Amino acid sequence: MTTPPRIDLNRLLGRLDAFNRIGALPGGGNCRLALSDEDRAGRDLLVRWMRDLGLAVTVDAIGNIIGVRGGGEDVAPVMFGSHIDTVGTGGRYDGLYGVLAGLETCEALNDAGRATRRPLALVAFTNEEGSRFPPYAMGSLIYVGGLALEDAYAIRGIDGATVGEELRRIGYVGAASPGFLTPHAYLELHIEQGPILESEGVVIGAVEGITGLSWAEVAITGRAAHAGTTPMHLRRDAACAAGEIAVFVRRLAQAIGGHQKGTVGRIELYPNLVNVVAERAVLTIDLRNTDESLLQDAERQLAGFLDRLAAQEQVAIATRSLARFAPVSFPTEIPRWCRSSKRRRASLRSPAVGSRPVPATTRR
Ligand SMILES: [Zn+2]
C-alpha cells in the first residue's frame with residue numbers, strides 16, 4: 001500500500017532558514033541580486049539539494065536551473081518553481097518559497113514512493129527581479145523566446161557589469177539552450193506581492209493573469225547653476241522637473257484608478273550637491289495595469305505631460321523604454337484546479353475556511 005505524500009512543514013521552513021542565511025541583511029530581509037556572489041551561493045545550495053533528491057539538474061545558457069524528477073511516461077513535464085534572486089532589500093519568501101516548496105513536493109513524493117505519470121521539472125529562473133539587470137523575468141523571457149540570448153548577455157547592469165560577464169564569472173552559463181524542455185503546464189507558488197489577501201484574512205489566492213507593465217527611464221537635462229546667486233526665474237532645474245514627474249505619476253495612477261499603478265522608484269541627480277542647481281536628473285517610471293488600453297492611455301498622458309514640462313521648465317527630456325509587457329490572461333483550468341484543490345484540503349480541517357471563495361488576484 002502506498003502512503004499519501006505528506007508535506008513536511010518543518011523541513012520546508014528549515015530549508016528556507018538555511019537558504020536565507022545567504023545574503024541576509026542586518027535588519028531582516030535579504031539581498032541576493034541576480035548573478036552576484038550571493039546569487040551564486042544560493043544557486044550552489046539549490047543544485048546540491050536538487051541532486052540530493054535525485055533530480056537530474058540542467059543549467060541552460062542564461063543560467064536557469066532545472067531539476068527533473070522522472071515520470072512514468074515519456075511525455076512533456078509539469079514545470080513548477082520560481083526564482084531565488086532578490087531585490088536589494090528582498091523578503092524571505094519572494095521567489096524562494098516557490099522553489100523550495102517545489103523541492104519539498106519532490107521530497108514528499110520520494111518519501112511516499114510515489115511516481116507521477118508526467119515528469120516534474122522544478123525550475124529557478126535567472127534574474128526574475130530585474131533590480132540589477134533590466135528587464136525583470138529575464139530568464140523566463142528568454143526561455144520562452146521573448147528575448148534573444150546575445151541581446152541579454154550584452155545588457156549592462158546598474159554596477160556596469162554585463163549579464164554575460166557576470167553569468168560567466170559565477171559559473172552558470174550552461175550548455176542547454178533555453179526552452180530545451182517544453183512544459184505541459186507551468187505552476188508557480190508565490191507569496192502575495194501586495195497586502196490584499198493578508199488584510200482580508202484569506203490564506204491563498206488563485207492567480208488569473210499577469211498585469212501589463214511599462215518601464216521607462218527618463219533623462220532630464222537642465223543647466224547647473226549656483227544656488228545662491230542664480231535667480232529663481234533664470235533656472236533650468238533638472239531636480240525640480242524630476243520632482244514634478246514623480247508627483248504627476250502618482251496623480252496619474254490615482255486619476256485612472258482601478259488597477260492602475262504608477263511608481264518613480266529611482267531618481268539620480270547630477271552633480272548632487274547641496275548648493276548647485278541640478279544639471280541633470282535620471283529617473284525611472286513604472287506603470288502597470290491589467291487593462292492594455294488603460295495602460296496605453298497612461299503612457300500617452302505621461303508623454304503629453306513630459307512635453308509640457310520640458311517647455312515649462314526649459315529642460316530637455318529624453319525617454320527610453322526599459323521594458324514593456326502587455327497583460328496576460330492565464331488558461332482557466334489551472335486557477336480552477338488551484339481553487340478546487342484548496343477547497344478540498346481546507347475542508348479536511350475547517351469547513352468555514354473551505355467554503356470561503358478564493359479571490360482572484362493578479363501578480364506583479
Ligand atoms: Zn518573486
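The values are calculated or read from the model by the stated rules, or taken from the named source; none is laboratory data. Remember, predicted model here, so these are calculated numbers, not experimental data. Glycine also receives a Cβ, built like all others from the backbone with ideal geometry; neighbour counts cover every protein chain displayed.
Against the list (1) within 27 Å of residue 329 (Cα to Cα); (2) crowded, with 17+ Cβ neighbours inside 10 Å; (3) touching a residue at least 12 places away in the same chain (Cβ under 8 Å), the condition residue 107 fails is (1). Looking across the range 189-233, the residues that are at pLDDT 95 or above, among the small types (Gly, Ala, Ser) and exposed (fewer than 15 other Cβ atoms within 10 Å of the Cβ) come down to 227, 228.
Here residue 94 clears all of (1) in a helix (DSSP H, G or I); (2) crowded, with 20+ Cβ neighbours inside 10 Å except the condition numbered (1). Look through the range 110-125, keep the residues that are in a strand (DSSP E or B) and buried (at least 24 other Cβ atoms within 10 Å of the Cβ), and return whichever of them is nearest to the ligand (Cβ to nearest atom). Within the range 110-125, the match that is nearest to the ligand (Cβ to nearest atom) is 124.
Within the bounds of the range 174-190, is there any residue that is among the charged types (D, E, K, R), within 14 Å of the ligand (Cβ to nearest atom) and out of contact with any Asp or Glu (no Cβ under 7 Å at 6 or more places or on another chain)? There is at least one residue in the range 174-190 that is among the charged types (D, E, K, R), within 14 Å of the ligand (Cβ to nearest atom) and out of contact with any Asp or Glu (no Cβ under 7 Å at 6 or more places or on another chain).
To keep it simple, each residue is scored yes or no on (1) in contact with a Gly (Cβ under 6 Å, 6 or more places away or on another chain); (2) crowded, with 18+ Cβ neighbours inside 10 Å; (3) among the small types (Gly, Ala, Ser).
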{"site": "9", "(1), (2), (3)": "no, no, no"}
{"site": "13", "(1), (2), (3)": "no, no, no"}
{"site": "30", "(1), (2), (3)": "yes, yes, no"}
{"site": "35", "(1), (2), (3)": "no, yes, no"}
{"site": "47", "(1), (2), (3)": "no, no, no"}
{"site": "50", "(1), (2), (3)": "yes, yes, no"}
{"site": "81", "(1), (2), (3)": "yes, yes, yes"}
{"site": "85", "(1), (2), (3)": "no, yes, no"}
